[in-house]
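Comments concern the structure below.
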Amino acid sequence: MRIIFVIIVIIFVQFGGLLAQNEIASFYFNVGKSIPSDSSRQALAKFKTQLQRGENFAIEITAIYSYTDSTGSRSINDKLAHDRLNYVKNYLELNDPSLNIKFIPATLERRTDVKNVLNWRRVDVYYDIVHFVQAEIQPDTSKDTLELPVELTKEDFENSPYQEQAQIHNDLRKSIDSNEPYILNISFIPGTFQMEQGSTAVLNVLATYLFQNSELHVIIRGHVCCENNKRASKKRAQAVVKRLVEMGVDKSRLKAIGMSNTEPLVSPERTESDRQKNRRVDAQFITPSKQ
C-alpha cells in the first residue's frame, strides 16, 4: 500500500525581532602570566573589532570565566585568575556595570575537564550574536510530492526515487523502535533561529511519517552548547514546530522544549566541532502506550 501526501507550505513567512545564539571565545596564557600568549593577543584584538555593532547584528558578552593550572599555591592561582580576567575585561572595555556581565575567576574549577594542561590556562568569553532579522522563508519546492511506502523493503529503498527520504524514513522507524531521540539534520543561520536552505528534507519526511502514523506525538527538543541557555534552545525547537505546523501537522501532536546544555553528545567540549555537535534539535516520539 502506498500513501501519497502533497505537502502544502505557505509561500512567504515573515518574522522579525531579536534572535541570538550563545557562543564562546577562548584565549590562552603562558604559565604564570597574566597577559595572553602572542597568538591569543592577536585573537583578542580581532575579537574586539568584532564587538562593534553592525547594521543587522550586535555581539553581547554575557560572562567571562578565567582559569589557571595547578602550578603554585591556591592563593597565587586565585590572584592569577583575577589578573587574567581583568586583563581581558579591561582590554575589551567592559567596566560598565550596566552591561550586566558575569565575571568569574574560577581558578582550578574548570567548566570543561580538558586533559591538556596547556588548555587550563585560559579565559573563556561567552557571548550572544544578536541579529536584527526581517526575513522571508522560501519554501523548498523541488519535491512537492513525496511518495513513500508505509513499510520499506530493501527493494523499495534501493529503487526509491527519493533515496535520501527513504533513508530518513527508515531511521525514524529505528528511532521509535529503540525509544531514542532522532537527531534532525537541520542547520540554522548562525546567531538566529532561522533554518538554512536544505533543512527541509528531513521535515518533509517527518511530516509525512506523522500523517501515516496518526497515533504518534512528538516532542521537539532544542539543545545548545557551552553553558545554560534554555531560551535559545527552546526558540530553535519552536522554529521546527512552526515549520511542521505550516506543513499541515496538527499542532496538538507537537511540543517544543528547550533542553539547554543538559544532554551534550560530546563532553567535555574541547573543539568547535564538539560544540557544533551539541548544538542540535532532535525529535522524541511518544507512542500511545507512553502517553
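Laboratory data are not the source of any read-out in this text; all were calculated from the coordinates shown. Note that this is a predicted model, so its numbers are computed, not measured. FYI the Cβ positions are ideal-geometry reconstructions off the backbone, even for glycines, and counts take in every protein chain you see.
Which chymotrypsin sites (Phe, Trp or Tyr not before Pro) in the range 204-286 pass both tests, a DSSP loop state and at most 11 other beta-carbon atoms within 10 Å? Present the calculation step by step, with values, prior to reporting the outcome.
Values: sites: TYR209, PHE211, PHE285; in loops: none.
Passing sites in the range 204-286 do not exist.
Karplus-derived 3J(HN,Hα) values for the range 232-241, using 6.51 cos²θ - 1.76 cosθ + 1.60 with θ = phi - 60°, are 5, 5, 6, 4, 5, 4, 5, 5, 5, 4 Hz; glycine and proline are entered as x. Peptide packing: for 221-233, 35-47, the average count of neighbouring Cβ atoms within 10 Å per residue gives the ranking 221-233, 35-47, highest mean first. Calculated FRET efficiency, GLU272 and SER214, Cβ-Cβ r, R0 30 Å, to nearest 0.05? Calculated transfer efficiency: 0.15. Seen from LYS33, the other residues with C-beta closer than 14 Å to its C-beta sum to a net charge of +2, counting Lys and Arg as +1 and Asp and Glu as -1. Label-to-label distance, SER178 versus ASN119, with points set 7 angstrom from Cα along the beta-carbon direction: 2.6 nm. With each label modelled as a point 7 angstrom along the Cα→C-beta vector, the ALA45-SER75 pair spans 3.7 nm.
Gain on full extension, evaluated as 0.36 nm per residue between LEU108 and SER252 minus their Cα-Cα distance, stands at 47.1 nm. Amide H contacts of ALA63: LYS102, TYR126, each under 5 Å away and 5 or more positions distant or on a separate chain (H built 1.01 Å from N in the peptide plane; Pro and chain starts excluded).
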